[in-house]
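Provided herewith is a single structure, encoded as structure tokens, for subsequent inquiry.
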């Protein structure tokens with residue numbers, strides 16, 4: 001089988017040099033816009049000369065490290081002059097007024113010249129890199145006549161350098177594969193359930209399937225998915241592990257550390273957002289101000305080699321090596337990803353169309369593991385949307401008239417024209433805002449053509465990025481799956497492009513990989529999540545729970561009402577319930593509410609054993625969350641109140657034996673909203689009655705509730721009580737979301753005491 005190597009890929013590998021230039025949004029040109037600009041240039045050239053040819057394919061078949069390889073590409077423009085000399089033109093679209101020649105662009109053009117001169121038996125060839133402004137079509141041209149033999153020699157040296165690096169990479173990958181084949185499971189033995197899970201993952205990945213796997217929290221699913229994936233990986237494959245949570249990334253890294261066992265045979269890179277890993281916060285990403293950008297491409301290869309030798313390049317390792325070689329740690333992690341075996345990061349690196357890794361656009365040979373898959377659809381739906389927010393107190397509204405503010409006011413005027421002007425909270429559906437789109441495009445053009453971006457303050461830059469996101473979102477806009485909303489609020493108003501269904505987009509990403517596994521503790525019912533991920537009919541599996549029925553008492557307390565109007569009357573009964581649990585078994589308990597207001601009302605009334613502590617409002621930092629966790633661990637008996645889906649309940653993991661019980665108060669259905677109702681209407685119309693309520697309201701609520709309850713059991717030695725307080729937990733539709741390993745009992749408050757005492761009596 002012949003592998004392919006793109007000319008651009010070879011050029012980027014060989015010819016990159018000098019400083020690291022920031023990924024300036026002010027220079028960005030949309031893909032479609034670039035294509036259209038190129039087509040206009042080609043049409044113009046064709047009108048001037050009949051001897052002009054566009055999109056000329058060239059290739060050469062070579063052997064690279066013993067593998068048959070086709071080096072191929074398409075020349076943007078080819079012109080034969082009267083003397084028979086060929087001119088190769090490479091078009092690049094940019095809004096920069098004064099462009100410096102990019103060595104990679106010139107290298108790409110040089111390779112085209114080498115291929116063409118060999119094909120045509122030429123002695124010399126003209127090369128030209130043409131930078132074109134997409135609006136004015138103004139050109140900046142860098143050109144030179146090159147000796148064909150010199151061009152061919154440059155190509156031969158480039159292929160040789162590429163082969164040397166590729167051979168080193170292949171040998172390392174083959175050593176990893178052979179080592180992994182012989183590597184035994186890092187623990188003395190599999191748990192019974194874990195072995196079955198690993199076998200399911202292995203079989204599914206080998207068959208090229210998209211597996212949806214439900215595995216209880218604490219079942220060792222990170223190890224049970226990563227280990228078989230590494231066993232299966234070929235030398236030319238990569239493994240992506242995507243997660244929605246920092247704790248998920250840490251679990252994956254810990255599993256990989258155990259598997260590697262200090263051997264450094266597995267190369268891993270953890271991708272972290274630029275703002276979190278940058279060691280020069282507040283300094284522009286520019287070689288003039290940031291030493292990590294200066295001469296980056298000369299130092300980066302040495303830093304990459306050092307990290308490959310280290311094996312696991314987590315955030316701290318990346319920062320340490322980046323500091324040692326004075327390079328940008330974020331860009332270093334992206335470059336390392338090209339050579340690493342395993343890449344760990346957030347969903348957005350593959351799913352967000354604005355920030356996804358373009359260098360892995362061809363992932364057809366790679367494996368993909370997605371943790372916390374119950375969050376995938378909601379996250380991607382947000383990624384595909386866009387919003388303009390107008391703050392009534394914005395300083396931009398008062399800014400003097402200048403090149404930027406004039407364009408900004410056009411955007412604001414378009415937003416105002418779409419709003420109702422009401423001072424009260426109001427949301428309504430509107431038609432596609434064409435006037436706003438036009439204003440956004442004009443602002444982008446104004447900033448880019450005049451190179452204003454670096455002069456803008458943070459608020460103005462945010463508006464500029466909002467314009468870019470709005471315009472770019474049109475690339476995947478499908479009218480049937482989107483709605484446009486006008487939203488009024490106290491601070492101002494906003495215009496929102498709401499994505500209702502991201503299933504096809506998710507499926508496209510999954511299909512671009514050789515095989516995938518989506519795993520979570522809460523992906524029941526399977527039919528729902530397969531539909532949300534665009535995978536109906538694909539394989540689903542439920543891992544056997546490592547926890548026995550006797551380890552937990554799951555009680556549905558049906559006579560404590562939690563509806564909004566009845567919350568005040570429920571507080572004394574909730575206090576009685578908590579007292580029953582603590583008296584039966586002093587220990588650490590989490591009690592989860594649907595809202596902070598409900599939590600606060602309970603905390604003010606209830607004092608269990610004198611120890612009541614509650615989570616603060618959202619926005620707490622990681623160190624504060626850790627302090628909360630330590631407080632719980634340090635107390636022999638404590639009731640800690642949290643909000644379902646809040647920062648604490650989602651971000652903090654408890655160790656084995658830390659909790660005696662979890663109380664989930666209410667279903668926690670999201671309040672009715674226009675966004676929710678539109679989503680419900682869409683799914684009712686497309687999937688049938690009942691789907692809408694399930695997707696828009698029931699699924700988000702039940703996921704939070706069950707995830708909260710899943711904090712209880714972390715090992716096969718743990719025991720504890722789960723109380724689900726609301727009669728609605730007994731509804732058949734709600735029951736369908738509950739884990740298969742739960743054995744629920746419907747009880748009144750009076751019955752709870754004896755049931756809890758009976759449970760703790762059996763030890």
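For the pair residue 172/residue 490, report the inter-label distance in nm, with labels modelled 7 Å from Cα in the Cβ direction.
5.5
Which percent, to the nearest 5, of DSSP beta bridges fully inside segment 3-163 are antiparallel? Let's see the in-between values first.
Working: 25 of 36 bridges.
Bridges in segment 3-163 that DSSP calls antiparallel: roughly 70 percent.
Can you tell me the relative contact order of segment 3-163? Whole percent, Cα pairs under 8 Å, sequence separation 6 or more. Don't jump to the answer; show the numbers that get you there.
On the way: 266 pairs, mean separation 40.0, N = 161.
Computed value for segment 3-163: 25 percent relative contact order.
Something else about it: Which angle from 0 to 90°, rounded to the nearest 10, does the C-alpha axis of helix 458-472 make with the longest principal axis of the chain?
Tilt relative to the chain: about 80 degrees.
Okay, helix-only estimate at 222 nm for the chain: each DSSP H run of n ≥ 4 adds -39500 (n - 2.57), divide by all residues, round to 500 deg cm²/dmol; what do you get?
On the way: 26 runs with 325 residues, N = 763.
The per-residue figure over the chain is -13500 deg cm²/dmol.
Any idea what % of Cα-Cα pairs in the chain are farther than 49 Å?
Details: 73356 of 290703 pairs.
Percentage above 49 Å: 25.
What is the angle, in °, between the Cα long axis of helix 31-48 and the longest principal axis of the Cα atoms in the chain? Nearest 10 is fine, range 0 to 90.
Around 20 degrees separate the two axes.
How much FRET efficiency would the formula 1/(1 + (r/R0)^6) give for residue 257 and residue 19, where r is the Cβ-Cβ distance and R0 is 30 Å, rounded to 0.05?
So, using R0 = 30 Å, E works out to roughly 0.30.
Something else about it: Take the Cβ-Cβ distance between residue 161 and residue 316 as r, set R0 to 30 Å, and report the resulting FRET efficiency rounded to the nearest 0.05. Let's see the in-between values first.
Values: r = 32 Å, r/R0 = 1.06.
About 0.40, to the nearest 0.05.
Can I ask one more? Quick one: length gained pulling residue 185 to residue 246 fully straight, 0.36 nm per residue minus the C-alpha distance? Present the calculation step by step, with values, prior to reporting the outcome.
Values: separation 61, 0.36 × 61 = 21.96 nm, distance 2.49 nm.
Fully extending the segment from residue 185 to residue 246 adds 19.5 nm.
Going by the alpha-carbon gyration tensor, a ≥ b ≥ c the square roots of its eigenvalues, is segment 43-114 rounded (a/c under 1.5) or, if a/c is not under 1.5, prolate (a/b greater than b/c) versus oblate?
Oblate shape, in that a/c is at least 1.5 and b/c is the bigger or equal ratio.
What is the distance in Å between the Cα centres of segment 698-717 and segment 67-120?
Using only Cα atoms, the two centres lie 57 Å from each other.
For segment 33-100, what relative contact order do you get, as a whole percent, if you take Cα pairs closer than 8 Å and at least 6 residues apart?
Numbers: 80 pairs, mean separation 18.6, N = 68.
Result for segment 33-100 is 27 percent.
Post the alpha-carbon centroid distance, segment 193-248 to segment 316-380, in whole angstrom.
Value for the Cα centre distance between the two parts: 18 Å.
Starting from 0.36 nm per residue, how many nanometres of slack lie between residue 359 and residue 48 once their C-alpha separation is accounted for? Walk me through the intermediate numbers first.
Numbers: separation 311, 0.36 × 311 = 111.96 nm, distance 3.63 nm.
So the extension gain works out to 108.3 nm.
Report, in whole Å, the centroid distance computed from the Cα atoms of segment 145-186 and segment 560-607.
63
Next question, about the same structure. Could you line up 173, 328 from fewest to most neighbouring Cβ atoms inside 10 Å? Numbers along the way, then the final one.
Working: 173 19, 328 26.
By the 10 Å Cβ count, ascending: 173, 328.
Between residue 145 and residue 508, 0.36 nm times their residue separation minus their Cα-Cα distance comes to what?
On the way: separation 363, 0.36 × 363 = 130.68 nm, distance 4.41 nm.
Here the segment from residue 145 to residue 508 would lengthen by 126.3 nm.
Hey, another quick one. Would you calculate the separation in nanometres between label points at residue 274 and residue 579, each defined as 7 Å from the Cα along the Cα-to-beta-carbon direction?
Simple spin-label model gives 5.8 nm for this pair.
Averaging sequence separations of C-alpha pairs under 8 Å and six or more residues apart, then dividing by the length of the chain, give the relative contact order as a whole percent. It would help to have the intermediate numbers written out before the result.
Working: 1332 pairs, mean separation 97.3, N = 763.
Result for the chain is 13 percent.
Roughly what % antiparallel, to the nearest 5, for the DSSP beta bridges in the chain? Can you show the working numbers first?
On the way: 44 of 109 bridges.
So the antiparallel bridges amount to about 40 percent of the total.
I'd like the FRET efficiency for residue 195 and residue 435, computed as 1/(1 + (r/R0)^6) with the beta carbon distance as r and R0 of 45 Å, rounded to 0.05. Spell out each step's value before the answer.
On the way: r = 61 Å, r/R0 = 1.35.
Working from the Cβ atoms, E equals 0.15.
Hey, another quick one. Taking square-rooted eigenvalues a ≥ b ≥ c of the alpha carbon gyration tensor, is segment 3-163 rounded, prolate or oblate, where a/c under 1.5 means rounded and, failing that, a/b exceeding b/c means prolate? Could you put the intermediate results ahead of the total?
Values: a/c = 1.78, a/b = 1.20, b/c = 1.48.
Oblate is the answer for segment 3-163, as a/c is 1.5 or above yet b/c matches or exceeds a/b.
Relative to the longest principal Cα axis of the chain, at what angle does helix 434-450 sit, 0 to 90 degrees, rounded to 10?
With both axes taken from Cα atoms, the answer is about 50 degrees.
The numbers here are math on the coordinates, done by the rules we state, and not lab data. Just so it is clear, the structure is predicted and the values come from calculations on it, not from any experiment. Every residue, glycine among them, receives a Cβ derived from its backbone with ideal geometry; neighbour counts consider all protein chains shown.
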